[in-house]
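Shown next, in C-alpha cells, is the structure this report addresses.
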C-alpha cells in the first residue's frame, strides 16, 4: 500500500507512483479543489506499471465483484514491503519509507490488532465468512478446512471476518446431518 499525500501536484504524484511501481490506484475525484481525475490522466502515459485506477463512484461495483481466487494471489513473504509512505518532500522529491509485512503485523499487534486464523476450528458465523462447504478429508464436518483470507480483531472487536471453506459431511451434509446451504 502506498498512501499518497492529497496535496501533491502532478509532478509529485507522477514521481511517487512511478518510483514505487504502483500497479493500482484508488483516488478521490476532487479534494481541496484539486481535480485528481485530471491529474491522474496527465500522468498515466508516464506510468507503465499503473494498470488500474478507480474513483469513488466505481467502488460499489468493485465491492460487489467476486474476490480474486487464491490461485491468482501473488506469493508474499513476511519480508516483502507492505506499506510505503512518502515524506512531504519539502527540500527535494519525497522520500519513501518502507515497512515490511512483518513490521506492520508487529506494529498492529502492539496496538491490539490480531489475526483470526481459524484453520481446524469449529465454524463460527460471528467470526468467519464461509464461501464454500464441501467434504474435506482429515477435517470434521463443521470445521474450517481452508482459510482464503485471514480475519482481524481489535482486542475483542471483529474488524474483518476470515473468509473460509467449511468441511461438510458426505454428500453436502452439515455437522448435524442436515444439508449445508
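Computed from the coordinates by the stated procedures, all read-outs in this text should not be read as laboratory data. No experiment lies behind these values; they were computed from the predicted model shown. Positions of Cβ are generated from backbone atoms using ideal geometry, with glycine treated the same way; all protein chains shown enter the neighbour counts.
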Arrange the following residues from fewest to most other Cβ atoms within 10 Å of their Cβ: 40, 81.
-> 81, 40
Once you sort the root eigenvalues of the Cα gyration tensor of region 126-175 as a ≥ b ≥ c, which label holds: rounded (a/c under 1.5), prolate (a/b larger than b/c) or oblate (the other case)?
-> prolate
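Does region 1-84 come out rounded, prolate or oblate by the C-alpha gyration tensor, with a ≥ b ≥ c the root eigenvalues, rounded set by a/c under 1.5 and, if not, prolate when a/b is larger than b/c and oblate if not? Display every interim value, and only then the final one.
On the way: a/c = 2.05, a/b = 1.33, b/c = 1.54.
It comes out oblate by the Cα gyration axes.
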Express the relative contact order of the chain as a whole percentage, based on alpha carbon pairs under 8 Å and six or more residues apart in sequence.
-> 15 percent
Got the relative contact order for region 83-154 handy, in percent, Cα pairs under 8 Å and 6 or more residues apart?
-> 31 percent
Taking alpha-carbon centroids only, region 42-65 lies from region 102-122 a number of Å equal to 29 Å
Here are several values of log10 I(q)/I(0) by the Debye sum over Cα atoms at q = 0.08, 0.15, 0.17 Å⁻¹: [x] -0.53, -0.95, -1.09; [y] -0.39, -1.03, -1.17; [z] -0.25, -0.87, -1.09. Which one was derived from the coordinates shown?
-> [y]
If R0 = 25 Å, then residue 62 and residue 11, at their Cβ-Cβ distance, give a FRET efficiency to the nearest 0.05 of 0.30
Count the DSSP beta bridges whose two residues both fall in the chain, then state the antiparallel fraction as a percent rounded to the nearest 5.
-> 65 percent
